């Protein structure tokens, strides 16, 4: 009975542990502009709490078994009371975005997360002490399977069918179930006399022992690879639970498989797949944005799978006996924290691109070659030469590609909200300055001021140009633009117009004012508000700011538009900031997401006409949508300028609210 209860408790704890991660991270997205770094910062928190959980398990295991069980059960009951606290840390803490994410998550779920993360280690330890059996490492696989089920069920079931508040409610029910199972285990052990017979057997070994440095190295490498892979995918595909959970599921699947049996990993079999993976990773680092969403998910997933299989397979080979069980898990967790600390805090400061992805590939290739040389006897000279030449060729290839892909760079900057680059593209056919956000052009300007810019999202034949031209024939422009880019839209204003930009990323504002002249050259009255557009617009509604006659949503980060700007509550806010005949104009050009179904639902909900403009005659094709009840404007638009709109009937899954929305049905696979 103890064995059945223990395995079931481990499964439930793992499910809860990994179900709460996408719930709370998704809830935080709107507070931080919907950026990909919310998840990398969240992973830093989760792995930090995992370390504390393993440390707690390690310290607790030094006491009598009865005291361990009672202490853990009481703390779990306490955590169920204080979980999902509504305390607002921003009222008394001024922190950078990464540490603010950490603080908000800690207030909401910190204690419960620590206790749940300690469960697998503690129950394995209790089982060893009470039955004098060997270490049940396969229970670790069971824990990871529970985690996998939680991760893969969330984007396909829970996110689609339940609101965030409902998800949190059911999670609390799960936590109470976990508490009940713990009490049952306590009862079983008391009834069997296990706790009564157990004498004080506090371990006499040292509190901490010197670790095998490879425990930390392999754990840190897999952690960096996990976060960097998620960042690479999220550069072009919007941050959403599927993009988060798929890499994490692969990470856990390799843990589960390798720890199920030491025989499941054979180093020699994975050598050639590793070589393939590091070169594939090099190609994806520079050219990944050229692939569609499905191809990116598959290729990045394959590379991550190979790297994690090697990292976790080597960890399983290095696993100690039962006396050092908690120490081993503790140092694995420490490696994970070091990796996530590097990815979430240090990498944005050290690198102007997601270069930690390259660091992880270099680390695993170097570690693998080191182990082959150090532990494998009778290696042939040819095999050694092949390994060393692979490392040298890979390094040379990266250097060559880096130089060629960055030869036009004028300036680069990276922060919590992404990375932006200014490039001067000078070829026989082209001479222009571009602002690149991630991998996507967010505005350009001819180096020769007398040259007309035709290859752009904003030239005279695009939907935005035609819409503003038609509106200007009715009245002077008094418009808001969520998303600054290079400031190209400022060129549409004259001395009678007022244009207010809302820009989340300070780096974008720096680039627009330092390297582009649109803002300075515009005769219109230009204002730029730094901060999340939706939050700033909400403050303007409260302050009863003058209404605008057009609001343009052009808030991309790379090829991603933040979902919190497209919910029903967001649209309600937009209409509060617009005059009765105002235009809501949205830029929906996107390689991976079809936003039209969402906009169709909103047009019906708010009783607005919907027009779609699509221009494809240049390399940078554009799609713009206008929602309005301005009949004069609607009558002024030529039918030949419009693109047909395909009706979308599945309204339930595309009716986006702050509490419930999913990008999964809208992916262009």
Practice item. Inspect all residues belonging to the stretch 457-467 and state whether any of them is in contact with a helix residue (DSSP H, G or I) (Cβ under 9 Å, 6 or more places away or on another chain) and assigned to a strand (DSSP E or B). Key: no
Practice item. Give the residues of the stretch 75-95 that are modelled with pLDDT of 85 or more and either within 27 Å of the chain's Cα centre (by Cα) or surrounded by 11 or more Cβ atoms within 10 Å (Cβ to Cβ) (or both), sorted by residue number. Key: 75, 76, 77, 78, 79, 80, 82, 83, 84
Check your understanding: What are the residues in the stretch 632-647 that are over 32 Å from the mean Cα position of the chain (by Cα) and in contact (Cβ under 8 Å) with a residue 12 or more places away in the chain, if any?
Key -> 632, 633, 634, 636, 637, 641, 642, 643, 644
Review point. Do we find that residue 95 is free of Cβ contacts under 8 Å to residues at least 12 places away in the same chain and not in a helix (DSSP H, G or I) in this structure?
Key: yes
Practice item. Name the residue, out of 451, 426, that is in a loop (DSSP other than H, G, I, E, B), free of Cβ contacts under 8 Å to residues at least 60 places away in the same chain and touching a strand residue (DSSP E or B) at 6+ places or on another chain (Cβ under 9 Å). Key: 451
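Every residue, every condition in (1) surrounded by fewer than 19 Cβ atoms within 10 Å (Cβ to Cβ); (2) in contact with a strand residue (DSSP E or B) (Cβ under 9 Å, 6 or more places away or on another chain); (3) part of a loop (DSSP other than H, G, I, E, B), yes or no:
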residue	(1), (2), (3)
627	no, yes, no
634	yes, yes, no
640	yes, no, no
645	yes, yes, yes
658	yes, no, yes
661	no, no, yes
Point to revise | Test: residue in the stretch 391-412 that is touching a helix residue (DSSP H, G or I) at 6+ places or on another chain (Cβ under 6 Å), under 30 Å from residue 29 (Cα atoms) and part of a strand (DSSP E or B) | key: no
Review point. Among the residues of the stretch 578-587, is any part of a loop (DSSP other than H, G, I, E, B) and out of contact with any helix residue (DSSP H, G or I) (no Cβ under 8 Å at 6 or more places or on another chain)?
Key: no
Review point. Does residue 351 fit the bill of being under 30 Å from the mean Cα position of the chain (by Cα) and over 16 Å from residue 275 (Cβ atoms)?
Key: yes
Point to revise | The one condition in (1) surrounded by fewer than 14 Cβ atoms within 10 Å (Cβ to Cβ); (2) farther than 28 Å from residue 640 by Cα; (3) touching a residue at least 60 places away in the same chain (Cβ under 8 Å) that residue 417 fails to fulfil | key: (1)
Review point. Residues of the stretch 261-270 being part of a helix (DSSP H, G or I) and surrounded by 19 or more Cβ atoms within 10 Å (Cβ to Cβ), which ones?
Key: none
Exercise for review: Could you please let me know if residue 463 is under 29 Å from residue 348 (Cβ atoms) and crowded, with 23+ Cβ neighbours inside 10 Å?
Suggested key: no
Review point. When you look at residue 63, is it assigned by TED's automatic domain parsing to the domain that holds residue 159 and not in a helix (DSSP H, G or I), yes or no?
Key: yes
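The values are calculated or read from the model by the stated rules, or taken from the named source; none is laboratory data. Values in this document were obtained by computation on a predicted structure and should not be read as measured data. Using ideal geometry, Cβ is built from the backbone for each residue, glycine included, and neighbour counts are taken over all protein chains shown.
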